[in-house]
Number of protein chains: 2
Amino acid sequence: MNTKLPPRTVERLSKYRRLLDKYKDLEEAHIYSHKLAALLNLTPEQVRRDLMLIGLTGNHRKGYNIKALIGQIGTTIDRQEGHRVALVGIGNLGKAVLGFIRKANTKMDIVAAFDIDRNKVNTQVAGVACYDIGAAAQIISREQIRIAILTVPPEAAVNTATLLLESGIRGILNFTSVHLDVPPGIYLKDYDIITSLEEIGFFIMD
Amino acid sequence: MNTKLPPRTVERLSKYRRLLDKYKDLEEAHIYSHKLAALLNLTPEQVRRDLMLIGLTGNHRKGYNIKALIGQIGTTIDRQEGHRVALVGIGNLGKAVLGFIRKANTKMDIVAAFDIDRNKVNTQVAGVACYDIGAAAQIISREQIRIAILTVPPEAAVNTATLLLESGIRGILNFTSVHLDVPPGIYLKDYDIITSLEEIGFFIMD
C-alpha cells in the first residue's frame, strides 16, 4: 500500500480494473497500453506511468498480463477486508445509489443507512438496516464504518457532515452539491451533477 | 466563448460560480483568491490563473468583485439560450437525477425523458414528458436536444448511446459505469460512483 499515489492515479487504476474486469477469468490474456489508453481517452504514456507506479511493466510483444494487472491494482488500492460504508439520506437519490452499489462488483459494503424519517427508521432498505440519524455515533462506532455517502437534502448537508465526522467517518462522497469544509485527514469527494452538465454544455457549443 | 479552455478549468469555473451564487444579490461584494481557493482546496495561484483566462484580475485591496465574476463566468461557459437536455432511463437513478437538476439553479433544461417501459411512456415524470426510446431520433431533432443524461441499466448502455448519437446528441453524461466509445467531437463525461468510492477508500487507509 502506497498512500503517496496521486488521487488521479488511484482513480485511473480503479477505472483500468473496471474496464478489464470482464476478462478476469481468462488465462494468459494480455493487453497493450495503447489499447487500454484508447478505451479511456488517455495517452499510452499515462497508462504506462500509472502501472509503473504500482510495479508493473508490460511485455514488448504482448503488453500487460490482465490477470496480474487486476491483481496488482487490487493489492494496491483495496483494503483486504473491504470497506464498511454508510448511506446517509434515503431519498430517491440515496435509494438509487444504494441499488447501484449493491449490484456492482466492489469491496465497498454498505452496512447501514440513516435517515430522519420515522417511516424509514428501523426498516430495511434494499437489505440494509436503516437507523435514525440520532444514533449515528453509536452505530458508526459499533459497525466500524469509516466512509459515508451523503445524499441528504442540501439544507441538511453541513450539519449532517459535521455529525458524521464527529462520529468517526473519515471519507465522504458528497452528492449534495453543497460545499463542505472538512478538516485535514478527511477525504472528501464531491459528485456534482450540475458542474458536469455545465462542462458538457461548454464543450459542445459551436 | 473560448473553447480553448481546458475541461478542468471549465469545471472549476462552474464550481466558483455555484459557491458564490448565494452572494449574487449583493452589491460591491468582493472575495480574495485565497479565500475562494481555500473553500475548494485549490491554491490561490490556480484560482487567479483560471480567472485570468476569462479576463478577470482581482483588486489588490479587495479581491474579485463577486457580481462581475459570476457574470463573466456565465458569459464564458453558458449558452445564452440554455441547453436542452434529455434524460434517458427513468429508473430510480434517473428520477433522482431529474429531481436534483430541476431544483438547481442552472441553464440546463430537461425537456424530454425516454424509457422502454410502457407504463412510463406518454406520461409526465416530474413535469417532463416521457417518450418511447424508439421515438428518440424524432423527438431529439424536433426539440433540438443536444445533451443526454444516460441512466439506463448497464446492459442497455452501449446500444442506447449509439442510438442517441445517431439522433444528434453531442454530449453525454454517463451514469452507467459502462465504458462508452464515442467518436471525436462528442463530449462524454463519466460519473462513476464505484471509482469515487474506491478512491476515498484508498486515501483513508492507514
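The values are calculated or read from the model by the stated rules, or taken from the named source; none is laboratory data. Computed from a prediction, not measured in an experiment: that's the story for all the values here. No Cβ is skipped: glycine too gets one built from the backbone with ideal geometry, and neighbour counts run over all protein chains shown.
Among the residues making up segment B:92-106, a single one is in a loop (DSSP other than H, G, I, E, B) and more than 7 Å from chain A (Cβ to nearest Cβ): B:Asn105. Residues that are more than 14 Å from B:Ile204 (Cα to Cα) and at pLDDT 95 or above number at least 3 in the following strands (runs of 3 or more DSSP E) confined to segment A:122-191: A:128-132. For the residues A:Gly55, A:Gly71, the requirement of being closer than 20 Å to B:Ser196 by Cα, among the small types (Gly, Ala, Ser) and either in the same structural domain as A:Ala104 (by TED's automatic domain parsing) or at pLDDT 90 or above (or both) singles out A:Gly71.
Inside segment A:189-206, can you point out the residues that are more than 8 Å from chain B (Cβ to nearest Cβ) and farther than 22 Å from B:Val85 by Cα? Even if it seems obvious, please write down each step before you answer.
Residues of segment A:189-206 that are more than 8 Å from chain B (Cβ to nearest Cβ), as a first pass: A:190, A:206.
If the condition is that a residue be more than 8 Å from chain B (Cβ to nearest Cβ) and farther than 22 Å from B:Val85 by Cα, then A:Asp190 is the only one that fits.
Taking the listed residues A:Gly127, A:Gly134, A:Gly185, the one that is surrounded by fewer than 20 Cβ atoms within 10 Å (Cβ to Cβ), within 26 Å of A:Pro7 (Cα to Cα), over 15 Å from the mean Cα position of the chain (by Cα) and not β-branched (Val, Ile, Thr) is A:Gly185, with no other qualifying. Restricting attention to segment B:92-119, the residues being buried (at least 20 other Cβ atoms within 10 Å of the Cβ) and not aliphatic (A, V, I, L, M) number 5.
If you go through segment B:153-182 and keep only what is over 19 Å from A:Met108 (Cα atoms), surrounded by fewer than 23 Cβ atoms within 10 Å (Cβ to Cβ) and of a type in the set (Gly, Ala, Ser), you end up with B:Ala156, B:Ala157, B:Ser167, B:Gly168. Filtered by the rule that a residue be of a type in the set (Gly, Ala, Ser) and in contact (Cβ under 8 Å) with a residue 12 or more places away in the chain, segment B:35-61 gives B:Gly55, B:Gly58. State whether the residues of segment A:143-152 include one that is surrounded by fewer than 22 Cβ atoms within 10 Å (Cβ to Cβ) and without any contact (Cβ under 8 Å) to a residue 60 or more places away in the chain. So far as segment A:143-152 goes, yes, one or more of its residues are surrounded by fewer than 22 Cβ atoms within 10 Å (Cβ to Cβ) and without any contact (Cβ under 8 Å) to a residue 60 or more places away in the chain.
Residue count for segment A:176-185, restricted to those that are within 8 Å of chain B (Cβ to nearest Cβ) and not polar (S, T, N, Q): 2.
Answer yes or no as to whether A:Val47 is in contact with a Phe, Trp or Tyr (Cβ under 9 Å, 6 or more places away or on another chain), under 19 Å from A:Leu19 (Cα atoms), surrounded by 20 or more Cβ atoms within 10 Å (Cβ to Cβ) and at pLDDT 95 or above. In short, yes.
Among helices (runs of 4 or more DSSP H) entirely within segment B:5-88, having at least 2 residues that are within 10 Å of chain A (Cβ to nearest Cβ) singles out B:7-20, B:33-39, B:66-77.
Residues considered: A:Ala112, A:Ala136. Of these, the only one that is more than 14 Å from chain B (Cβ to nearest Cβ) and either touching an Asp or Glu at 6+ places or on another chain (Cβ under 6 Å) or of a type in the set (Lys, Arg) (or both) is A:Ala112. Per the listing B:Tyr16, B:Tyr64, the residue uniquely more than 19 Å from A:Glu198 (Cβ to Cβ), outside the structural domain of B:Arg170 (by TED's automatic domain parsing), crowded, with 21+ Cβ neighbours inside 10 Å and without any contact (Cβ under 8 Å) to a residue 60 or more places away in the chain is B:Tyr64.
Of all residues in segment B:188-206, which are among the hydroxyl-bearing types (Ser, Thr, Tyr) and over 19 Å from the mean Cα position of the chain (by Cα)? Break it down stepwise before answering.
Narrowing segment B:188-206 to residues among the hydroxyl-bearing types (Ser, Thr, Tyr): B:191, B:195-196.
Once the filter is applied, which keeps residues that are among the hydroxyl-bearing types (Ser, Thr, Tyr) and over 19 Å from the mean Cα position of the chain (by Cα), segment B:188-206 yields nothing.
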